[in-house]
Amino acid sequence: MKIGGFIKQSLIDYPGKIVAVIFTQGCNFRCGYCHNPQLVLPELFENELSYTPDIIFQYLQEHKNWLDGVVVTGGEPTIHNDLPEFLKKIKDYGYLVKLDTNGSNPFILEKIIKNKLTDFIAMDIKTLPERDFYFEITGIQNIPDIAERIIASVILLKNSGVDVEFRTTRLPDIHTNEMMDFIRNFIGSDKRFVVNEYREGKTIDFYKNQSLNWKYLTGKATGLSP
């Protein structure tokens, strides 16, 4: 597991819980509005990471009486094949686990849910679950079945029995009211849906406009397989 950041205590990342937050390094999407480019773009990765799994597990073991849970976010955690084992170790310490994901890997999500390795999953739905829309938002074209994967993940989470939150970042001139209504209906009225408004900042688009070799960086997007 490659870890790009660690917050020892947070009151906002898991509703009603005091948690530690682990940021995994790497993502298979290149969403221009992403505010964590240092976790997504290989050219911005730190060569020497401050936290290793062993350091984090030691901290979690020592603070079991001070924390309710752990949030694993990214980047995109599900691109790491050892994610289930990583979550299991956190669960073995007795923590609640929240996982943030873009929903592109239903195969590993199914494994995590089946083995009861998470208590809360938050999934970003970038846009309408159609290939061309996803290609436009995510900046990648090397996951040809992306729409099928997103649909599979939504169905899986809706029937998972774990606490679930779906969320979409509304982009100006991209997401129409009709599109947002479709996503709400697709999720279902019985599931939590959070709409985040677009914020400017040092996003992936910001670094793209700073003359990074964009063609090279998008070529780094990692495809997935079952």
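With respect to (1) modelled with pLDDT of 95 or more; (2) of a type outside the set (Val, Ile, Thr); (3) touching a Leu at 6+ places or on another chain (Cβ under 6 Å), the lone exception for residue 75 is condition (1). Residue 194 fulfils the conditions (1) touching a helix residue (DSSP H, G or I) at 6+ places or on another chain (Cβ under 9 Å); (2) at pLDDT 80 or above except for a single criterion, (1). Screening residue 41 on (1) at pLDDT 95 or above; (2) out of contact with any Gly (no Cβ under 7 Å at 6 or more places or on another chain) shows it passes everything except condition (1).
Among the residues of the stretch 112-127, those that are crowded, with 20+ Cβ neighbours inside 10 Å and either in a loop (DSSP other than H, G, I, E, B) or over 17 Å from the mean Cα position of the chain (by Cα) (or both) comprise 117, 118, 125, 126, 127. Could you figure out which of (1) modelled with pLDDT of 95 or more; (2) touching a Leu at 6+ places or on another chain (Cβ under 9 Å) isn't true of residue 167? Result: residue 167 passes all but (2). Condition test on residue 161, is it out of contact with any Pro (no Cβ under 7 Å at 6 or more places or on another chain), over 25 Å from residue 27 (Cα atoms) and not charged (D, E, K, R)? It is true that residue 161 is out of contact with any Pro (no Cβ under 7 Å at 6 or more places or on another chain), over 25 Å from residue 27 (Cα atoms) and not charged (D, E, K, R). Of all residues in the stretch 148-173, exactly one satisfies the criterion of being touching a Phe, Trp or Tyr at 6+ places or on another chain (Cβ under 6 Å) and among the aliphatic types (A, V, I, L, M), namely 171.
The values are calculated or read from the model by the stated rules, or taken from the named source; none is laboratory data. For clarity, every value in this text was computed on a predicted model and none was experimentally measured. Every residue, glycine as well, gets a Cβ built from its backbone with ideal geometry; the counts of neighbours run over all protein chains shown.
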